[in-house]
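Below: the structure, in structure tokens.
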Amino acid sequence: MKPVESIYLHFPFCRHRCNYCDFFKQVPEDKDQSFTSFESQFLESFDVHKKFLADYDYQFMPLKTLYIGGGTPSLWGSRGAEFLADLFAKEGVTFDKDCEFTLEVNPGTWTEESLQSWIDIGVNRFSLGVQSLDSRFMKALDRVHSLNDALNTIEFFSQKKWNYSVDFMLGLPYSVEWNRDIEKELNEILKFSPNHLSLYILTVKENYPHFDKLPDDEFISREYLKVSDILASKGMHHYEVSNFSKPGLESKHNLRYWESLTVGAIGPSATGFLFEDKIRYKWKTKSSEFETEVLTEEEYQLEKVYMKLRTNLLLDSKELDIDDEILRKWSELSYIKHVSTAKFQVTSQGFLMLDSMMGDLFKE
């Protein structure tokens, strides 16, 4: 049997849809009714998924990582924790002793009691959806929580000494006009000593209401590199394009994606990957069905290179079959730093220019 040791579960509900968000999510008119319907579909999906895995000779092994994202999973509350605990017990889903079990939490959607119910079933890592600590930008992003909600949430997790990450956004509308002081916002977050930060560049379509107020690429590049320098000076390790952590506290779940390993997935719009058979599958949003895509060996190898270039792992140019001429170009542009003749690491400048680096490989 081939092992499935990681699962992503997608909870699609939020109390509000922010104006920039393009993830699949819904705002329930009747929470009880919507959650009941979702749970019924989730159980159907679990059975379909189990059969799908068995057809290809996969099965759940003690999980090394489990990630519940969304949406706003913390909105599911104690009800969600009890639902999953019952399902895991019934289906024999168990956790490795060092399993990393992450729950996404948005400010204003949790109580201490509900968080404790998640801890009771094994959650040991939280991802906090903060995005900004400037009320002007929070309003522009259409965030429904207040600045106090965000600060109180970070402070609570800090005081509890729980393992948590903070989501933060760059490239926000009005950054130039309002002279965003991103260093001040970051210092406010770092005061609470989170173990991990995820920093995403805002990406939207042309119908975004503040599209004409977005900063240009040059501004975003400077902002990205400035943030990387600030966090490095504070002892945070820039280990992936959008992720920083204290040493040894990287996201184990996300590293499995970047290492192109098997990750199971259940829930509307969730995407999973079966490494040994190179099968990617994505769930439909309104039924317990999914679509599959089988990667060719060439597609898989190119994707594998792309995923590895997203990290600062020590890479072997011979193993990845990257031409010496390309490596010289990347080195001259400070996209990489050589550790030895064949070994190299991608720099923060390289992370910023990842599309250009992949363009070089496509040309080759």
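Scoring 6-12, 248-254, 90-96, 267-273 by mean Cβ neighbours within 10 Å over their residues and listing the highest first yields 6-12, 267-273, 248-254, 90-96. Taking other C-beta atoms within 10 Å as the exposure proxy, Cys14, Cys99 rank Cys99, Cys14 from fewest upward.
Per-residue Karplus couplings for region 215-220, computed as 6.51 cos²θ - 1.76 cosθ + 1.60 with θ equal to phi - 60°, are listed in order as x, 7, 4, 5, 4, 5 Hz, Gly and Pro entered as x. Rounded to the nearest 5, the antiparallel percentage of DSSP beta bridges internal to region 130-245 is 45%. The antiparallel fraction among DSSP beta bridges confined to the chain stands at about 40%. Using a cut-off of under 14 Å, list every residue of region 279-320 whose amide N is near the label point 7 Å from the Cα of Ser40 along the Cα-to-beta-carbon line. Under 14 Å, as judged by backbone N against the label point of Ser40, lie 287-288 of region 279-320. Each peptide in 62-71, 232-241 was scored by the mean count of other Cβ atoms within 10 Å over its residues; highest first, the order is 62-71, 232-241. Scanning residues 5 or more positions from Val130 or on other chains, those with amide H under 5 Å from its amide H are Asp167, with H placed 1.01 Å from N in the peptide plane.
Of the peptides 300-309, 313-322, the order by per-residue mean of other Cβ atoms within 10 Å, starting with the highest, comes out as 300-309, 313-322. Taking every DSSP bridge with both residues inside region 164-317, close to 75 percent are antiparallel. Can you give me the distance in nm between label points at Asp96 and Ser193, each placed 7 Å from the Cα along the Cα-to-Cβ direction? Here the answer is 2.8 nm between the modelled labels. Which shape class, rounded, prolate or oblate, goes with region 130-246 when its Cα gyration tensor gives a ≥ b ≥ c as root eigenvalues, a/c under 1.5 marks rounded, and past that a/b bigger than b/c marks prolate? Note, shape of region 130-246 comes out oblate.
Checking the Cα-Cα distances for Lys246/Lys343; Lys184/Lys308; Lys139/Lys191; Lys50/Lys252 against a 26 Å cut-off, the pairs over it are Lys184/Lys308. Less than 5 angstrom separates the built amide H of Thr94 from those of Leu63, all sequence-distant by 5 or more or on a different chain.
Computed from label points 7 Å out along Cα-Cβ, the spacing between Ala89 and Asp316 is 4.7 nm. Evaluating 6.51 cos²θ - 1.76 cosθ + 1.60 at θ = phi - 60° for every residue in region 48-65, the Karplus couplings come out as 4, 5, 4, 5, 4, 4, 5, 4, 9, 6, 10, 7, 5, 10, x, 6, 8, 9 Hz, glycine and proline recorded as x.
For region 164-196, applying the loop criterion from DSSP together with a ceiling of 12 other beta carbons within 10 Å to the GluC sites (Glu not before Pro) yields Glu177. Taking the Cα centre of the chain as reference, the dipole from Cβ charges on Lys and Arg (+1) and Asp and Glu (-1) amounts to some 780 debye. Whole-Hz Karplus values for region 325-332 come out as 5, 5, 4, 4, 4, 4, 5, 5 Hz, taken residue by residue from phi with 6.51 cos²θ - 1.76 cosθ + 1.60 and θ = phi - 60°; glycine and proline positions read x. Region 267-307 and region 317-357 have Cα centres lying 27 Å from one another. Close amide-amide hydrogen proximity is noted between Asn243 and Leu199, each under 5 Å apart and 5 or more residues distant or on a separate chain (H modeled in the peptide plane; Pro and chain starts excluded).
Bear in mind that the values in this text are calculations on the coordinates, not laboratory data. Here the structure is a predicted model, which is why all the values come from computation and not from measurement. Methodologically, a virtual Cβ is constructed for each residue, glycine included, from the backbone with ideal geometry; neighbour enumeration extends over all protein chains shown.
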